[in-house]
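The values are calculated or read from the model by the stated rules, or taken from the named source; none is laboratory data. Quick caveat, the model's predicted, so the values are computed rather than measured. Neighbour counts are summed over all protein chains in view; Cβ atoms, including those assigned to glycine, are modelled from backbone coordinates with ideal geometry.
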Amino acid sequence: MKKEIIVYVLLAAIAILPSCIDGKSEGHGKLVIDSLSDTLAARGVTLPRAKKLDKEERTFLLAAFTAGNMEIQAGNLAAVQSKNPEIVSLGTQMVTGHRKAIEELTEVVKKLGLDVIDSLTTEQSRQLKQLTTLDDQAFDKQYITMMIADYAKTIKLFQEAANLSSTDLSTFAANTIPMINAHHKMAVAIGKKLNLKNANNGDDIAGQSPSATN
């Protein structure tokens with residue numbers, strides 16, 4: 001029971017990931033991971049112990065699992081709730097791609113003697129719950145808005161992780177980036193067709209983009 005409580009505290013802490021990333025992080029080292037690590041430490045959150053991993057690597061591991069779980073569940077929703085063939089296709093590809101990534105990450109954590117995280121953060125659960133209340137164009141716009149923003153942040157996270165000291169994690173991150181990039185490009189292209197504001201600038205994560213039009 002104590003172990004489960006610790007895991008849920010960690011998951012809740014990762015909910016702050018979007019607020020720890022800004023458009024100035026690119027090209028200045030592992031600022032996304034560092035910022036997230038500092039926030040966790042400030043909140044007194046203890047990361048899973050692993051002798052072979054440092055704090056940044058353990059932080060990335062936690063963030064990668066929750067992000068993957070989110071994209072799988074969001075993709076499943078898109079595949080069944082959207083009537084837009086392109087969104088259904090994106091959702092289906094997200095489920096397939098992220099399931100494969102989660103399987104690969106699972107092998108890494110088992111090798112390192114850690115536990116698999118199959119839950120979501122509080123914020124991710126809120127976003128998914130909101131999606132279930134929408135349909136038709138309202139669902140499509142909100143889903144694509146979320147995906148453009150989420151993938152832009154995830155790309156930066158994985159780019160930094162590709163330079164981590166752990167060969168297992170850096171290799172996983174580098175091998176996963178092409179899939180994340182492909183899904184992001186698909187989401188941006190769909191966003192343009194849906195006339196979402198700033199869909200042409202989906203990586204502008206420091207501002208308010210992208211946002212759905214009324």
| message | Just to be sure I understand the filter: pairs with C-beta atoms under 9 Å, separated by 6 or more residues or on different chains, first member in the stretch 106-133 and in contact (Cβ under 8 Å) with a residue 24 or more places away in the chain and among the charged types (D, E, K, R), second member surrounded by 16 or more Cβ atoms within 10 Å (Cβ to Cβ) and outside any helix (DSSP H, G or I). Which pairs pass? | response | Asp115/Pro48; Glu123/Ala15; Glu123/Ile16
| field | Subset of the stretch 165-214 [at pLDDT below 70 and either within 30 Å of Glu103 (Cα to Cα) or small (Gly, Ala, Ser) (or both)] | value | Ala199, Gly202, Asp203, Ile205, Ala206, Gly207, Ser209, Ser211, Ala212
| Does Glu107 count as at pLDDT below 95, out of contact with any helix residue (DSSP H, G or I) (no Cβ under 8 Å at 6 or more places or on another chain) and in a helix (DSSP H, G or I)? | yes
| task | Could you list all residues from the stretch 59-89 that are in a loop (DSSP other than H, G, I, E, B) and either without any contact (Cβ under 8 Å) to a residue 12 or more places away in the chain or buried (at least 18 other Cβ atoms within 10 Å of the Cβ) (or both)? | result | Ser82, Asn84
| task | Give the residue that is nearest to Thr176 (Cα to Cα), with candidates limited to residues of the stretch 110-129 that are touching a Leu at 6+ places or on another chain (Cβ under 7 Å) and among the β-branched types (Val, Ile, Thr). | result | Ile117
| query | Among (1) more than 12 Å from Gly68 (Cα to Cα); (2) in contact (Cβ under 8 Å) with a residue 12 or more places away in the chain, which single condition is Ser170 missing? | reply | (2)
| Failed condition for Leu114, given (1) surrounded by 15 or more Cβ atoms within 10 Å (Cβ to Cβ); (2) hydrophobic (A, V, I, L, M, F, W, C); (3) part of a helix (DSSP H, G or I), with all others met? | (3)
| field | Number of positions in the stretch 142-169 that are surrounded by fewer than 23 Cβ atoms within 10 Å (Cβ to Cβ) and under 12 Å from Ile87 (Cα atoms) | value | 1
